[in-house]
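To keep things clear, I will list the structure first and then write my remarks on it.
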Amino acid sequence: MPAGVVAALMVALIAVVVLLVRPPGPLDDPRPALQRDGLLREGPVLEEDVAGLQLGDRAVILLFDREQPGGSEWEQWRTDVTAEGADLIVLTPGVSAHGELIDVIPMPVPVDGGPPVGYAVIDQDRQVRYVTLDPQYLLNAFEVNVITGAVS
Amino acid sequence: MSTSRASWTTTYRALHPRSLAIQLTILVIAEVLLFQTYSVHDARFHWATHFLVAVIAAAVVLTVLLRIRGAPGPRFPLLLVLGLHLFAMAPDLVFRVGAPHAAWMDIFLGHVSVHYLPGGDTTWLVVAAIAVGAYVVLLTRWLRARARGAAAAGVE
């Protein structure tokens, strides 16, 4: 293959990577490799009662968002991720346990330095098994199901 | 077909323009579809990382084959890129059917670890450009040497 054709293909590839693969946005993890990596963790074991929230007995999804989600897309997401028996707890900055859970999990800090938008999965032994920021979590219910299915 | 003609065809078949054009068409269509599957889940950088690693691996294979065999190969070099990309992203397909990632999945062209390279996709892009560039230089030298040899022998 002529060198010129290869060079043109490489220029096209560079353009695709530079123009279409966006850098982390304000709500993303500044370390892209750690966002939605799909790897289970052996994280800290939480207390049975964290600021009034009861943990244990079953897998729990701790969803962090900056405001209470709503709408049909959210309702579908909530139905999907709890279909296999996991509990779902929504934590916004107004909830008392929000700050304490961010500290003990710990949740990553997004690029803009504000509260996290993402989720953690706690297994029935109260161990943190998965932590990620995901500002597009409504698009990715299947990922939550894979994690909760693996730790249940 | 004469023996020398048959030998020529075998030696250069990996560089046949029509074959390369067809392979390139298949590769581009397949990669656009794969890109879409990652893009709808806000995971474009994952597509880019595994594709670039596949490009690098393909360039290494092509370089090694050229050095060892003394002829370009394999027969379908651009489909090799696609095949290696599908191999590299296999754990993502496994994830879709319910298995989280694990460290052992690095056997798929470093599926887990490749994301931790400092500089991320930019670094992989630079490495890919170097690997492909090195192969093109080597191939160009090989073609020129063959042309000189053919001219000296008085055959086409």
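No value in this document is a laboratory result; all are computed from the given coordinates. Note that this is a predicted model, so its numbers are computed, not measured. Reconstructed Cβ throughout: ideal geometry from the backbone, glycine too, with neighbour counts over all protein chains shown.
Across region B:51-109, the relative contact order, built from alpha-carbon pairs under 8 Å that are at least six residues apart, equals 36 percent. Calculated translational diffusion coefficient of chain B (20 °C, 1.002 mPa s; Stokes-Einstein with Kirkwood radius over alpha-carbon pairs) equals 123 µm²/s. Computed per residue of the protein assembly as shown from DSSP H runs no shorter than four, each worth -39500 (n - 2.57), the mean residue ellipticity at 222 nm is -17000 deg cm²/dmol.
Annotation: average projected area of region B:16-93 is 5.2 square nanometres, based on the convex hull of Cα atoms across all directions. Only Cα sites of region B:15-58 enter the Debye sum here, all with the same form factor; the resulting log10 I(q)/I(0) across q = 0.28 1/Å is -0.97, listed in q order. Need one number: the % of Cα-Cα pairs in region A:48-124 sitting beyond the 21 Å mark. Roughly 27 percent, rounded to a whole number. Highest mean packing comes first when the peptides A:64-75, A:18-29 are listed by Cβ atoms within 10 Å, giving A:18-29, A:64-75. Cα-based radius of gyration for chain A, normalised by 2.2 N^0.38 Å, reads 1.25. All alpha carbon pair distances within region A:20-85 were sorted into 10 Å bins beginning at 0; the resulting P(r) in whole percents reads 13, 33, 44, 10, 1. Shape summary of region B:94-156, radius of gyration then Dmax from alpha carbon positions: 20.7, 63 Å. Remark: relative contact order (chain B) = 26 percent; criterion is Cα-Cα distance under 8 angstrom and separation of 6 or more residues.
A compact globular protein would have a Cα radius of gyration near 2.2 N^0.38 Å; the ratio found for region A:110-152 is 1.25. Neighbouring Cβ atoms from other chains, within 10 Å of the Cβ of residues in A:13-21, number 6 on average. The dipole here belongs to chain B: it is taken about the Cα centre, uses +1 on the Cβ of Lys and Arg and -1 on the Cβ of Asp and Glu, and is about 880 debye.
Measuring max minus min along each principal axis, the C-alpha atoms of the protein assembly as shown give extents of 90, 34, 33 Å (largest first).
Largest GNM mean-square fluctuation among B:His50, B:His16, B:His115, using chain B with Cα springs under 10 Å: B:His16.
Shielding by partners for peptide B:61-70, expressed as the average number of C-beta atoms from other protein chains within 10 Å of each residue's C-beta, is 0. Taking only the C-alpha atoms of region B:67-125, Rg followed by Dmax gives 14.6, 45 Å. Across region A:1-51, the volume of the C-alpha convex hull divided among the residues equals 135 Å³ per residue. Between B:Trp124, B:Trp47, B:Trp104, which gets the highest mean-square fluctuation from a Gaussian network model of chain B, Cα cutoff 10 Å? Per the Cα network of chain B with a 10 Å cutoff, B:Trp104 tops the list.
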